[in-house]
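The values are calculated or read from the model by the stated rules, or taken from the named source; none is laboratory data. Predicted, not measured: the structure shown is a model, and the values here were computed from it. Cβ atoms come from the backbone with ideal geometry, glycine included; neighbour counts cover every protein chain shown. With ligands, DNA and RNA removed, areas are computed over all heavy atoms of the protein, side chains included. Shrake-Rupley method; radii C 1.70, N 1.55, O 1.52, S 1.80 Å.
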Amino acid sequence: SETFPRFKRDGFINNVEFDVRRKNGSLLPISLNGVAIKDASGNFVRTRSTMTDNTERKAAYRKLQASEKMLQSIIDNADSIIFTKDLEGRLQIVNRACLEALRMNLDDVRGKSAFDLLPAEQALFVTMHDAEALTRNQLTRQEETVLMDGRLRTYIAVRFPLVGDDGS
């Protein structure tokens, strides 16, 4: 690997992750941080490093991935169009029904706004309803007519803000 030559050249490494094998043969996921110690001429002499056991972090990440996969499966199997947007109005989570109605794939819509996907007049209408739900900070329902599946469709759109742990 080129980690050690880069470490010698740059004089540090941060959060390099790899597995080390324990005496019993099991693997231990670690994160390595290090600073190169050089002599007066600038030659590499030794390192001061710390290794952090990533076992719990990796286990928590696997649980998070499983939870996200389960949530995506639930919304993908719903007949209703379901999606989430960030505070800038960009699509984040999008279910299969929404993708089918838009006749697009996930890569084509994730991170896009209503203005990227709908005619300007419809996008403005949808965006105003998004703002209303955020401003009221509560569930809102509106009837909307948008171009979906190649034709104009009327939906009852239900919106509500998703509030994070920090209240935003």
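Defining a contact as two alpha carbons under 8 Å apart and six or more residues distant in sequence, what relative contact order in percent does segment 3-138 show? Present the calculation step by step, with values, prior to reporting the outcome.
Numbers: 152 pairs, mean separation 16.2, N = 136.
Relative CO of segment 3-138 lands at 12 percent.
Given +1 at the Cβ of Lys and Arg, -1 at the Cβ of Asp and Glu and no other charges, the dipole of the chain around its Cα centre is 1040 debye to the nearest 20.
With a 1.4 Å probe and all protein chains left in place, how much of the accessible area of the chain comes from carbon and sulfur atoms, in whole percent? Walk me through the numbers on the way to the answer.
Values: 6410 of 12180 Å².
Accessible surface attributable to carbon and sulfur in the chain totals 53 percent.
Just add up the charged neighbours of Met104: K/R +1, D/E -1, any other residue whose Cβ is under 14 Å from the Cβ of Met104. Result for the neighbourhood of Met104: -1.
Within straight-line reach of Lys69, meaning a Cα separation under 21 Å, sit the following lysines at least 8 residues removed in sequence or on another chain: Lys58, Lys85. Excluding same-chain neighbours fewer than eight residues apart, the lysines reachable from Lys8 by a Cα-Cα span under 16 Å are Lys38.
Taking the C-alpha atoms only, the angle from helix 120-136 to the longest principal axis of the chain is near 70 degrees. Sorted into 5 angstrom bins from 0, the C-alpha pair distances of the chain split as 1, 7, 11, 14, 12, 8, 7, 7, 8, 8, 7, 5, 3, 1, 0 percent.
Seen from a random direction on average, the alpha-carbon convex hull of segment 91-149 projects onto 4.2 square nanometres. The order of the peptides 81-88, 39-46 by mean Cβ neighbours within 10 Å, most packed first, is 81-88, 39-46. If the segment from Thr135 to Asp149 were pulled out straight at 0.36 nm per residue, it would be longer than the present Cα-Cα gap by 2.0 nm.
Give me the accessible area per residue for segment 1-152, probe 1.4 Å, as a whole number in Å². Show your work: numbers first, answer last.
Details: 10910 Å² over 152 residues.
Computed with neighbouring chains in place, this is 72 Å² per residue.
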